[in-house]
1. Whether any residue in segment 98-112 is over 15 Å from the mean Cα position of the chain (by Cα) and either closer than 19 Å to G173 by Cβ or among the charged types (D, E, K, R) (or both) is what I want to check.
2. When residues of segment 27-47 are filtered for being surrounded by 14 or more Cβ atoms within 10 Å (Cβ to Cβ) and assigned to a helix (DSSP H, G or I), how many remain?
3. With the requirement that a residue be over 26 Å from the mean Cα position of the chain (by Cα) and either closer than 10 Å to L43 by Cα or charged (D, E, K, R) (or both), what does segment 121-148 give you?
4. Looking for something under 30 Å from A74 (Cα atoms) and surrounded by fewer than 18 Cβ atoms within 10 Å (Cβ to Cβ) - is there at least one such residue anywhere in segment 104-119?
5. Looking for whichever is of a type outside the set (A, V, I, L, M), under 17 Å from I193 (Cα atoms) and touching a Pro at 6+ places or on another chain (Cβ under 7 Å) here; the options are G104, G141, G156. Which one fits?
6. Given the criterion more than 25 Å from the chain's Cα centre (by Cα), of a type in the set (D, E, K, R) and part of a helix (DSSP H, G or I), identify the matching residue among E50, E82.
Amino acid sequence: MRRIAVALILSCSLVVQAECARPKNASPRGVAGQSDEARLAYLSKLLEEESGRARTWTLAWGAGYGLLGVAQLALMPLFPREEQPDWYWGAAGTGVGLAFTLLGKPEVLEGGPLFASRARAATPEDTCAIIAEGERMLEAGAENEESSFKWYLHVGNVLFNVGLGLVLGLGYGHWQGAIINAIVGSAIGEANILTSPAHLIPGWKRYRQGEAPSPVSFFVVPTAGPGLGVLMRF
């Protein structure tokens, strides 16, 4: 009888230990209302997958901006001296886009795989701490992704490229080049913003509240060759 009582006490203590704290105002319908094992698996998968998307986005746009800037500087000597400002000011704008892409790397890019590795090696003693860290990373990542679509970033992008255009127009009298640079630069900047990873936003809502329909959006992006393409994100 004593052995049965001890076994029941140990069993109850393990159950209590496995019940990690839930996020504030979390709904029982969300992933946060499920078992600790399910929560840890969800956080690990979502953060690791978003890390891959962030890495792809960063490398693709970093390489694109880098190649575009090199091409602009390489082509510049082929044109008359009076036309060269159009090219080096365009390259300067490309450099700003490159810096924006490389310096604004989200935490999940490096942190996602590290968290997934910790989650796979989790023990009963550190499960709750790892879940809490994953929730913090997911919430912060979702807020960061939401902020990357704020209206002021779009306005800033357009104003920056219009400013470069005014430098060419007012400073050199190259109004045709000014218009081309402003339009193309703004379009590329918008594509950069709109294609940034955003899966942590619905992922955090699902974790706290339950299933939510994924928003579907369409937007135009420049293709590798001449022309434009339509990108669907859901």
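1. Looking through segment 98-112, none of the residues is over 15 Å from the mean Cα position of the chain (by Cα) and either closer than 19 Å to G173 by Cβ or among the charged types (D, E, K, R) (or both).
2. 13
3. E125, D126
4. yes
5. Step by step, each of G104, G141, G156 is checked, and only G141 is of a type outside the set (A, V, I, L, M), under 17 Å from I193 (Cα atoms) and touching a Pro at 6+ places or on another chain (Cβ under 7 Å).
6. E82
Bear in mind that the values in this text are calculations on the coordinates, not laboratory data. Please read these numbers as outputs of a predicted model, since none were measured by experiment. Every residue, glycine as well, gets a Cβ built from its backbone with ideal geometry; the counts of neighbours run over all protein chains shown.
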